[in-house]
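What follows is one structure encoded as structure tokens, with my remarks underneath.
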Amino acid sequence: MKVEEVISDKKEFLDLLRLADEQEDMIDRYLNDGRMFVLYDEDLKGEAVVTELSETECELKNIAIMPNEQGKGYGKALIQFLFDEFLGRYQTMYVGTGDVPSILDFYKKCGFRESHRVKNFFTDNYREPIIDQGVQLVDMVYLRADAKP
Ligand SMILES: CC(C)(COP(=O)(O)OP(=O)(O)OC[C@H]1O[C@@H](n2cnc3c(N)ncnc32)[C@H](O)[C@@H]1OP(=O)(O)O)[C@@H](O)C(=O)NCCC(=O)NCCS
């Protein structure tokens, strides 16, 4: 397994990016400024994008594993790589997601804990209703992971 940073042509991975964020102009808000990483285990398995929020805080903006490769530990491995890469340099990594129990469980298993909510984020920022596992997303739920003291 290896993780590589993508410096140019990040849109080459648009299909994966759109698994986690279906509206392309929302992806455009963070893709250029974000640092993108791709995970290979022989073939491409997944990607993640992290942006800087401040000198002490960063945010995981997008993470996706290829549909036929999910549930095999690649997502958790990619997040562990990101913690090693970013926590230390930054005090806190945030991730925002819809209020979907399975995704919240995934992030908690990876070491995040719930932080705060942004009311109506999905209804205010997306043109079409975003439906995830049969539920319309409304609020953004933020989780956080902190550098060890
Ligand atoms: C969410 C996603 C990144 C998870 O990656 P993954 O490689 O499938 O997850 P992993 O196999 O690394 O799972 C890590 C842990 O989370 C748990 N987990 C993963 N998906 C889960 C789910 N849907 N429900 C409950 N637990 C889940 C696993 O059981 C595992 O637990 P363990 O550590 O006790 O074994 C991946 O499923 C994905 O790309 N989904 C589509 C895009 C998406 O929704 N991105 C997030 C947008 S906010």
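The values are calculated or read from the model by the stated rules, or taken from the named source; none is laboratory data. Because the structure is a prediction, the values reported are computed rather than measured. Note that each Cβ is placed from the backbone with ideal geometry, even for glycine, and that neighbours are counted across all protein chains shown. Just so you know, the surface numbers come from the protein's heavy atoms only, side chains and all, with ligands and any DNA or RNA stripped out. Shrake-Rupley method; radii C 1.70, N 1.55, O 1.52, S 1.80 Å.
Results, tabulated for the structure shown:
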read-out	value
The stretch 1-38 and the stretch 82-110: distance between their alpha carbon centers, rounded to Å	17 Å
Restricting the stretch 10-96 to GluC sites (Glu not before Pro) in coil, as DSSP defines it, with at most 11 other Cβ within 10 Å	Glu42, Glu55
Label-zone membership for the stretch 1-22, site Glu128, 7 angstrom Cα→C-beta point, backbone N under 15 Å	18-22
Average accessible area per residue (Å²) across the chain - probe 1.4 Å, nucleic acids and ligands excluded	57 Å²
Rounded percent of accessible protein surface that carbon and sulfur make up, the stretch 58-132, 1.4 Å probe	47 percent
Cross-link partners of Lys148 among aspartates and glutamates (Cα-Cα below 20 Å; sequence separation of 8 or more within a chain)	Glu52, Glu55, Glu57, Glu59, Asp84, Glu85, Glu114
Cα gyration tensor, the stretch 2-146 - rounded (a/c under 1.5), prolate or oblate	rounded
Selection from Asn125, Phe81, Met66 lying farthest towards where the dipole of the stretch 2-146 points positive, charges on Cβ	Phe81
Net +/- balance of residues flanking Ser115 in space, Cβ distance below 14 Å, scoring K and R +1, D and E -1	-2
Rounded, prolate or oblate (a/c below 1.5 giving rounded, otherwise prolate when a/b exceeds b/c) for the stretch 65-149 by Cα gyration tensor	oblate
Residues in the stretch 70-109 that a label on Asp28 would reach, taking backbone N under 15 Å of a point 7 Å out along Cα→Cβ	none
Set of lysines with alpha-carbon distance to Lys119 below 24 Å, sequence-local pairs under 8 removed	Lys61, Lys108
Loop-exposed trypsin sites (Lys or Arg not before Pro) per DSSP, neighbour cap 14 Cβ within 10 angstrom, longest uninterrupted part of the chain	1-71
